[in-house]
Amino acid sequence: MVEPIRWGILATGGIASTFVEDLALLDDCRVTAVASRSAERAAAFAKKHDIPQAWESVQALAADDEVDIVYVATPHSHHYLPTLQLLEAGKHVLCEKAFAYNAAQARTMFDVARQNQRFLMEAMWTRCNPAIREMRRAIKEGMIGEVVSVNGNFSFASDLPASHRLRNLELAGGALLDLGVYPITLAHLVLGKPDAIEAHSVMDTTGVDAQTALTLKYPNAIAQLSCSYRGGPANEVTIAGTLGRIELRNYAYRPSGYTLVRYDEAPREFEAPYVGHGYVHEALEVHRALRQGRLESTLVPPQSTVEVMEILDEARAQIGLRYPGETHPK
């Protein structure tokens, strides 16, 4: 028997609840505490998920000796400072995406993690998804030849109030950081850091981007990506190469398989189901790293997180989107 890894949860929204449900599927961990700025919400969340301790501040959670690692599930605007507080208090951290306001903050977060010898990983579950991992292996083995293009979209139609976090400038809202991070991550996964970026947006009345299209230029490839909460194309990603293509359909950020189409051959379907809601796999990656004494993930390495943030930074600079109180640590 191994000692269970003890999780703390920061925030009580839907994604935090779903993550806790997936942690319950693992037998080598337990959730020991939850924290929220509202004592009532923390208590209700703890009761719902049978969590022993409820706190009403990140400071209290950071001081809890029964917590090894904290899952930060707050809005984007509240990732940076709480993560630093937790790391400096000796906690490991799994922080939701988009990881921070900008790449400068992301670099500081990883620097502080290293200084304190703590594990820190972006909760980019897509990179840990079984189908994505199998797809990446197929690409590395040359199944579609040299990658020449990535076309991807993540959009939905909504009638959200202006106060909703997705439309809220104060909470670092907008389609780009919330939705666009997924197709950008998939493009980065197979092509790496682009040479040039071009971005265009339709802005919301609240000041955030409601719809954004990006073109990422590489030496021998182009990625055309889009995101929107005003409606849009199907949520699919196609990765094309000189010998064929791979198609990710229906929520490409969390696929249960993919289609391989080699030119002049019949399409082949590959299945690689995820467990639970899909968060199990990023939790497993965290557990593997902690038990092996590693401070960085191999599936979601810091460099990839920072480079995706750099793409988001350049896109935001081009569309004129800056958040109140945004800081650029040196």
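We did not get these values from a lab; they are worked out from the coordinates using the rules stated. All values derive from a computational prediction rather than experimental measurement. Every residue, glycine among them, receives a Cβ derived from its backbone with ideal geometry; neighbour counts consider all protein chains shown.
Scanning the stretch 33-76 for residues that are under 19 Å from ALA123 (Cβ atoms) and among the small types (Gly, Ala, Ser), which turns out surrounded by the most Cβ atoms within 10 Å (Cβ to Cβ)?
Once the filter is applied, the top-ranked residue is ALA35.
Within the set of pairs 6 or more residues apart or between chains, which connect a residue that is in contact (Cβ under 8 Å) with a residue 12 or more places away in the chain and under 16 Å from VAL237 (Cβ atoms) inside the stretch 256-275 to a residue that is part of a loop (DSSP other than H, G, I, E, B) and aliphatic (A, V, I, L, M) with Cβ atoms less than 7 Å apart?
Short answer, once both residue conditions are applied: SER256/ALA272; GLY257/ALA272; LEU260/MET143.
Report those strands (runs of 3 or more DSSP E) wholly inside the stretch 89-163 carrying at least 2 residues which are in contact (Cβ under 8 Å) with a residue 40 or more places away in the chain and of a type in the set (Val, Ile, Thr).
Numbers: elements: 92-95, 120-122, 147-155.
Strands (runs of 3 or more DSSP E) meeting the threshold: 147-155.
Scan the stretch 295-315 for residues that are within 20 Å of ARG136 (Cβ to Cβ) and in contact (Cβ under 8 Å) with a residue 24 or more places away in the chain and jot them down.
First, the residues of the stretch 295-315 that are within 20 Å of ARG136 (Cβ to Cβ): 296-308, 311.
Selection gives GLU296, SER297, LEU299, VAL300, PRO302, SER304, THR305, VAL306, GLU307, VAL308, ILE311.
Condition first: basic (Lys, Arg) and over 15 Å from the mean Cα position of the chain (by Cα). Now tell me which residues in the stretch 81-135 satisfy that.
Our first condition is that a residue be basic (Lys, Arg); within the stretch 81-135, this holds for 91, 97, 107, 114, 118, 127, 133.
Correct list: LYS91, ARG107, ARG114, ARG118, ARG133.
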